[in-house]
Amino acid sequence: MLLNDTHTHLHFDQYIKDLSEVLLRADQKNIQRILTLGTDLASSKISIKIANQYKNVYAAVGIHPTDIHRSKERDIIEIKKLASNEAKVVAIGEIGLDLYWKEVPLKDQLPVFEKMLDVANELKMPVVVHNREAQQEMRDFFSKRQITSLSGVMHSFSGNENDAQFYLDKNLHISFTGVITFKNFKQQRTVQCMPLDKILLETDSPFLTPVPHRGERNEPSYVEFVARQLAKIYRISYQEICQATFDNAVKLFQW
């Protein structure tokens, strides 16, 4: 079965020594496409370098909400140039809002998020949206700016059914990580309410490692376990989940 991993951070230090071996294992699991995402200008450039080095890897560029304090105004212009000129950049991300970490106030996150969305809109590219403990703030942001349709994905989704429907109504995809394999995962009903043509698979490597590898460093080859758990939750075959999520990713990212 063919798979995609739509969210990784292969530029992180955890992969310095063995990235080639990590990607070889992914290839052996028939993972056809892997998206690695920058979190600021420097890591966006590294993500592109990795994508250009490995055939099945693609890049997204953006400023993560927790990295805003390390970024400059001009970085947004430079990220736009990267997205415009680099063939293997397929999305703007990782961008969004984060109220879990306290280093960057919400008032500083909002204008950067809006500018990143403007870049995506100008370039007609999908976005990869981070939302951690900011469900109401994110919905308020969308509503105040009258965003009615947006190409992209709510990454590592953790909201409730109402939140999910809010984003689905905006034409966004919803992505799931290894969290759905954890014993304490209680949102099966929320997952089940998602239409199959709007879901994506991701690992968020090196984080959120799925069972049976929880506690280890995560890597793209483990996206298989996310797919298998999704199949159980939906009560459909593993093959159906693989095909649906593969097709969804191809359609969204055009890779």
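Since every read-out is calculated from the coordinates, none of them should be taken as a lab result. Nothing here was measured: the structure is a model prediction, and the numbers come from that model. Cβ sites come from the backbone with ideal geometry, for glycine too, and all protein chains shown count toward neighbours.
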(request) Identify, from the list A26, A60, A83, A51, the residue that is in contact with a Leu (Cβ under 6 Å, 6 or more places away or on another chain), under 29 Å from Q243 (Cα atoms), in a helix (DSSP H, G or I) and not aromatic (F, W, Y). (result) A83
(request) Check the stretch 32-40 and report whether any residue there is outside any strand (DSSP E or B), surrounded by fewer than 24 Cβ atoms within 10 Å (Cβ to Cβ) and at negative phi. (result) yes
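If I filter the stretch 56-64 for residues that are surrounded by fewer than 20 Cβ atoms within 10 Å (Cβ to Cβ) and either over 19 Å from the mean Cα position of the chain (by Cα) or among the basic types (K, R) (or both), do I get at least one hit? Don't jump to the end; show me each part of the working.
First, the residues of the stretch 56-64 that are surrounded by fewer than 20 Cβ atoms within 10 Å (Cβ to Cβ): 56.
Among the residues that remain, those that are also either over 19 Å from the mean Cα position of the chain (by Cα) or among the basic types (K, R) (or both) are: none.
Looking through the stretch 56-64, none of the residues is surrounded by fewer than 20 Cβ atoms within 10 Å (Cβ to Cβ) and either over 19 Å from the mean Cα position of the chain (by Cα) or among the basic types (K, R) (or both).
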(message) Looking at S20, S47, can you tell me which residue is surrounded by fewer than 16 Cβ atoms within 10 Å (Cβ to Cβ) and among the hydroxyl-bearing types (S, T, Y)?
(response) S20
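Which is in contact (Cβ under 8 Å) with a residue 40 or more places away in the chain and either surrounded by fewer than 12 Cβ atoms within 10 Å (Cβ to Cβ) or part of a helix (DSSP H, G or I) (or both), of V90, V119, V129, V153?
Numbers: V90 fails: either surrounded by fewer than 12 Cβ atoms within 10 Å (Cβ to Cβ) or part of a helix (DSSP H, G or I) (or both); V129 fails: either surrounded by fewer than 12 Cβ atoms within 10 Å (Cβ to Cβ) or part of a helix (DSSP H, G or I) (or both); V153 fails: either surrounded by fewer than 12 Cβ atoms within 10 Å (Cβ to Cβ) or part of a helix (DSSP H, G or I) (or both).
From the options V90, V119, V129, V153, the qualifying one is V119.
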(request) Could you look through the stretch 195-238, keep only residues that are crowded, with 17+ Cβ neighbours inside 10 Å and among the polar types (S, T, N, Q), and pick out the one that is farthest from the chain's Cα centre (by Cα)? (result) Q229
(request) State the number of residues belonging to the stretch 224-246 that are within 12 Å of M1 (Cα to Cα), in contact with a helix residue (DSSP H, G or I) (Cβ under 8 Å, 6 or more places away or on another chain) and of a type outside the set (S, T, N, Q). (result) 7
(request) Quickly run through the stretch 93-109 and pick out the residues that are over 19 Å from S151 (Cβ atoms) and either surrounded by 18 or more Cβ atoms within 10 Å (Cβ to Cβ) or among the small types (G, A, S) (or both). (result) D98, L99, V104, Q109
